[in-house]
Amino acid sequence: MAEERRQDQPKSIEELRQEISHTRDRLGRDLTGLRYEFDFPLKLRKSFQRHSGIWISAATLLGTLFTMRPSGKKKTLTLKAGKSGQAKKGEEQKKGLMAAGLAMGGLRLLATLLRPMVVAFLTKKVRGYSGATK
């Protein structure tokens, strides 16, 4: 009977404030715990500090496995001359690449030979401009 009266009566302002305060504190603790649970870098650091021997041996084992794994077979691509002319196109591309490489080599040699002449010409011009302003 007393409980029925208690439910019918509204809570006082002081009781509501106290309940809100407790709820706020509980929510803050829950969020702090959640933040800790999702802090993976911290967990990883702590795990490495606590179990460093296991981590180092696992890294060594993993590195050894990667170096000892069998390498895959090298695939060779063979082009057959067909209706589409893919073999011809490949040969033309090779010739074009060879010509481009030869041209780049020639330009590099030419640039090396002409560099002193270009530098001398530019220094003369710059000196001529600076002498004209005086």
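The values are calculated or read from the model by the stated rules, or taken from the named source; none is laboratory data. Since we're looking at a predicted model, the values are computed, not measured.
Summary table
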{"read-out": "Members of segment 10-42 found to be among the acidic types (Asp, Glu) and not in a helix (DSSP H, G or I), listed by number", "value": "ASP39"}
{"read-out": "Residue in segment 112-120 that is among the hydroxyl-bearing types (Ser, Thr, Tyr), at pLDDT 90 or above and part of a helix (DSSP H, G or I) present", "value": "yes"}
